[in-house]
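Trainee: Please read through the structure below; I'll follow up with questions.
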Amino acid sequence: MSTFYDEVQALKARYPDWLSATMPALRLAQEKHGYLSPDALRECANALGTTPAFCESVATFYDMLHLQPVGRHMVEVCTNLPCALAGAQRVVEAFEEQLGLRAGETTGDGEITFRTVECLGGCGRATVVAVDERYHEFVTPEKVPEIVGAVRGNA
Amino acid sequence: MGTPELILAHTDERDLAQLDEYRAIGGYRSLARARELEPAALIQAITDATLRGRGGAGFPMGRKASLIDQKNPRKYVVVNADESEPGAFKDREIMGRNPHLLIEGCLITARAIEAHAVFIYIRGEYLTEYEILDRAVEDARAADLFGDVDVVVHRGAGAYICGEESALLESLEGKRGQPRPRPPFPPVTGLYAKPTQINNVQTIATVPKILELGVEEFAKIGVPSSPGTAVFSLSGNVARPGNYELPLGTPLRSLIYDVGGGIPDGRAIKGIIPGGSSVPILTPDQLDTPLDYDSIQAAGSFFGSAAVIVVDDRCCMVQLALRAAKFYMHESCGKCTPCREGTRWLVQLLTRIEEGDAVDADLELLESVCSRMLGRSLCALGDFAVYPVSSYLRKFRGEFQQHVDEGACPYGAESSIAGIEAPIDAHMHHPTVEVPG
Ligand SMILES: Cc1cc2nc3c(=O)[nH]c(=O)nc-3n(C[C@H](O)[C@H](O)[C@H](O)COP(=O)(O)O)c2cc1C
Ligand code: SF4
Ligand code: FES
């Protein structure tokens, strides 16, 4: 089994300049640590051959990289214009009710982080919901309990 | 409709993500043809076909290629697959259903500019499409189709601004995705400061079709100033939303009514956003506008990313402007002042108007903020933030005024998008994210 360090070296070899491996390395570190904790940033920086501060400065720029702890599962509802026009707010509210939280929060058991996101590129199949990066399309409030159940089921 | 499908042809009958299926319909034959031609002849073909960029600006691909210093031994091809413009979902469909067409286009483009490395920058959220594309890349590599070219699929991590080409290059270099001052433009100083051909997914995917049909046949599709097809992403209040590949120049009315099935629930159209949320809105009297770059510009908007969003009469335009403004505020990279400060001002003023707390002077202030932002930013995002707000204000002025006069939103909870939350709203109900356990 290859170590995190070895995997990052393989990533670096894919590019003309090792610096390009920064984002894939951060993604790997996040997968390993759950979020980009100080430890994760240190490990990433060490494998890349740069500083934790540089890694942190890059990570803060991107919505999919988390510098705060998040739930084991991520549920994201798009509320940009086309989804909004299709009734995305009702889907947001159905999740808030089902999960007992507000958008941006994590369930009490640390399992699910729920948030609104900008356009996911599925606007013709609104409302679009991403569960751990897999898309559910044509989501209506009625479908929310089933989605939450499935997330909890494989929790 | 009997329209010539190019990019999405055969995708309904076959699984073109499989290499043998793609080859069965003549796939990779254009690449073989390209390898018999001189690079200069390939650039000439792309130029003669008047292939205009499908990513937003409509710049001719051939002209970009001709700016590249052919003598430089290190050059790159970069594919912009960051597709994040609200309303756009065509590149996702192309990559998910016809990935080899994109790869074939990459390899032909690499030969045209004599590059040996291709990077496809795909937005981080497109996990499924990344997997399909990456597998197709490995299959094509294993089938020895690459020759002396390498293709790397690079995932983004969630930032709209990384679709802006210079920000994309910064991001691909492993940095924060902040736009670069230009000139120099990418064909001169691009990825790792080397000459770089950067194009949208659909632009590159059209290249094999030009060789397959020949320039003359290709030019017969669409209109003379914009030949070919575009995959239109139709969304919003329309009966049959989806991606539809149509010749450029197809009338807007035909897309919405003949193809899209019209407006459901017997509602009326209030506005049409023809190119993604960043372009000025059109009104129902403009439904006969042909969907090509020059015609839409003549109508006062932009072709953008061919993402057509239909808005019916249940929607409050102040709410719509506010939601759009929150998106651009969230996505501003913060590098230059007019955009960083201006997007914030737009959100604050529109909030005040929507909540019924505005006075007449606020509408003038809103206009003034828009005009102070336009054309003063480092990249086009600063303008993109203005177009929805200024165009809704200009075309629906009465509705904005009504908010001020009545001290309340005339639609209120009846608006189709009432209460819609944006990601930047999250901090308002919980100042710090706390994770228990
Ligand atoms: C804020 C912003 C976002 C953009 N997003 C995208 C995008 O997601 N995809 C894309 O192809 N072009 C996007 N563009 C346009 C690119 O900067 C560039 O024009 C395009 O990649 C060139 O390719 P083309 O000539 O083939 O269209 C964006 C531009 C701006 C200013
Ligand atoms: S216009 Fe906005 S997004 Fe573009 S460089 Fe300036 S601050 Fe960044
Ligand atoms: S607006 Fe929701 S996916 Fe595009």
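Trainee: Kirkwood hydrodynamic radius, computed over distinct alpha-carbon pairs, for the range B:317-415: how many Å, to one decimal?
Mentor: Details: mean 1/r = 0.0756 Å⁻¹.
Roughly 13.2 Å, rounded to one decimal.
Trainee: Any chance you could run the full-extension gain for A:R14 through A:L67? It's 0.36 nm times the residue separation minus the Cα-Cα distance, nm to one decimal.
Mentor: Taking A:R14 through A:L67 to full extension adds about 16.5 nm, to one decimal.
Trainee: Helix B:317-331 against the longest principal axis of chain B: what's the angle in degrees, Cα atoms only, rounded to the nearest 10?
Mentor: 50
Trainee: For the range B:323-379, run through the GluC sites (Glu not before Pro) and keep only the ones in DSSP coil with at most 15 other Cβ atoms within 10 Å of their Cβ.
Mentor: Those satisfying the criteria are B:E355.
Trainee: Taking only Cα atoms of the range B:168-290, what ratio of Rg to Rh do you get with Rh as the Kirkwood inverse-distance radius?
Mentor: Taking Rh as the inverse mean 1/r over Cα pairs, Rg/Rh reads 1.07.
Trainee: Give me B:S278, B:S235 sorted ascending by neighbouring Cβ count inside 10 Å, so fewest comes first.
Mentor: With the fewest neighbours first, B:S278, B:S235 line up as B:S278, B:S235.
Trainee: Counting C-alpha atoms alone, how compact is the range B:329-381: give Rg to one decimal and Dmax as a whole number, in angstrom.
Mentor: 11.6, 34
Trainee: Shifting gears a bit: Take the Cβ-Cβ distance between B:N72 and B:D48 as r, set R0 to 30 Å, and report the resulting FRET efficiency rounded to the nearest 0.05.
Mentor: For R0 = 30 Å, the calculated efficiency reads 0.75.
Trainee: Evaluate the charge dipole of the range B:123-220 about its Cα centre and quote only its size in Debye, nearest 20, assuming +1 on the Cβ of each Lys and Arg and -1 on the Cβ of each Asp and Glu.
Mentor: Computed charge dipole of the range B:123-220: roughly 520 debye.
Trainee: With N residues in the range A:4-59, what two-decimal value do you get for its Cα radius of gyration over 2.2 N^0.38 Å?
Mentor: Dividing the Cα Rg of the range A:4-59 by 2.2 N^0.38 Å gives 0.97.
Trainee: Nearest 20 debye, what's the magnitude of the dipole of chain B about its Cα centre given +1 on Lys and Arg Cβ and -1 on Asp and Glu Cβ?
Mentor: The calculated dipole for chain B is roughly 1220 debye.
Trainee: Lys/Arg Cβ at +1, Asp/Glu Cβ at -1, dipole of the range A:73-151 taken about the Cα centre: which of A:V75, A:A150, A:H136 is farthest positive-ward?
Mentor: Final value for the positive-end residue is A:H136.
Trainee: Run through the DSSP bridge list for chain B and note the antiparallel percent, rounded to the nearest 5. Walk me through the intermediate numbers first.
Mentor: Working: 15 of 37 bridges.
Here the antiparallel bridges make up roughly 40 percent for chain B.
Trainee: Checking a compactness column here: for chain B, what do you get for Rg(Cα) / (2.2 N^0.38 Å), N being the number of residues?
Mentor: Normalised Cα radius of gyration, chain B: 1.01.
Trainee: Right, something else. With both partners inside chain A, how many of the DSSP beta bridges are antiparallel, as a percent to the nearest 5?
Mentor: Details: 7 of 13 bridges.
Restricted to chain A, the bridges split so that about 55 percent are antiparallel.
Trainee: Shifting gears a bit: Just to verify a number: FRET efficiency for A:D109 and A:T60, C-beta to C-beta distance, R0 = 30 Å, to 0.05?
Mentor: Working: r = 28 Å, r/R0 = 0.92.
Efficiency at R0 = 30 Å is approximately 0.65.
Trainee: Would you kindly calculate the mean projected area, averaged across all directions, of the convex hull enclosing the Cα atoms of the protein assembly as shown, in square nanometres?
Mentor: With the hull built on Cα positions only, its mean projection is 25.9 nm².
Trainee: A further question on this structure: Which ³J(HN,Hα) values in Hz, rounded to whole numbers, follow from the phi angles of the range B:118-123 under the Karplus curve 6.51 cos²θ - 1.76 cosθ + 1.60, where θ = phi - 60° and Gly and Pro get x?
Mentor: Values, residue by residue: 10, 10, 9, 9, 9, 4 Hz.
Trainee: A further question follows. Modelling each spin label as a point 7 Å along the Cα-to-Cβ direction, I'd like the B:A57/B:Q402 distance in nm, to one decimal.
Mentor: Label at B:A57, label at B:Q402, 4.0 nm between them.
Trainee: Related question: Could you work out the helix-only [θ] at 222 nm for chain A, with each DSSP H run of four or more residues adding -39,500 (n - 2.57) and the total divided by the number of residues, to the nearest 500 deg cm²/dmol?
Mentor: Rounded to the nearest 500, the figure is -12500 deg cm²/dmol.
Trainee: Given the convex hull of the Cα atoms of chain A, what is a quarter of its surface area in nm²?
Mentor: Convex hull of Cα atoms, orientation-averaged projection: 10.3 nm².
Trainee: About its Cα centre, how strong a charge dipole does the range B:317-415 have in debye, to the nearest 20, once Lys and Arg get +1 and Asp and Glu get -1 at the Cβ?
Mentor: Roughly 600 debye for the range B:317-415.
Trainee: Shape call for the range B:32-101 from the C-alpha gyration tensor, a ≥ b ≥ c root eigenvalues: rounded (a/c under 1.5), prolate (a/b greater than b/c) or oblate?
Mentor: prolate
Trainee: If the label point is 7 Å along Cα→Cβ of B:L374, which residues in the range B:398-423 have backbone nitrogen under 20 Å from it?
Mentor: B:398-401
Trainee: Same structure again: Just want the ordering: A:D6, B:D285, B:D139, from fewest to most Cβ atoms lying within 10 Å of their own Cβ.
Mentor: Starting with the residue having the fewest Cβ neighbours, the order is B:D285, A:D6, B:D139.
Trainee: Let me ask something additional. Where a ≥ b ≥ c are the square roots of the eigenvalues of the C-alpha gyration tensor, would you call the range B:19-220 rounded, which needs a/c under 1.5, or, failing that, prolate if a/b is larger than b/c, or oblate?
Mentor: On the way: a/c = 1.44, a/b = 1.14, b/c = 1.26.
Since a/c stays below 1.5, the shape of the range B:19-220 is classed as rounded.
Trainee: Gain in length, B:E367 to B:E212, computed as 0.36 nm per residue apart minus the alpha-carbon separation, to one decimal in nm?
Mentor: So the extension gain works out to 50.9 nm.
Trainee: Convert 37 °C to kelvin, take the viscosity as 0.692 mPa s, use the Kirkwood radius over C-alpha pairs of the range B:236-331 as Rh, and evaluate the Stokes-Einstein diffusion coefficient in µm²/s, rounded to a whole number. Show your work: numbers first, answer last.
Mentor: On the way: Rh = 13.6 Å.
Taking Rh from Cα pairs, D becomes 241 µm²/s.
Trainee: Related question: I want to make sure I understand the PRE zone here: with the label point 7 angstrom from the Cα of B:A418 toward its beta carbon, which residues in the range A:80-98 have backbone N atoms less than 17 Å away?
Mentor: A:84-94
Trainee: Using the Kirkwood radius built from alpha carbon pairs, what does the Stokes-Einstein equation give as D for the range A:73-151 at 25 °C and 0.890 mPa s, in µm² per second? Kindly include the intermediate steps, with their values, before the conclusion.
Mentor: Values: Rh = 12.0 Å.
Result for D is 204 µm²/s.
Every read-out reported here was derived from the displayed coordinates using simple, explicitly stated rules and does not represent laboratory data. Remember, it's a predicted structure, so these values are computed and weren't measured experimentally. Virtual Cβ from ideal backbone geometry, glycine too; neighbours counted across all protein chains shown.
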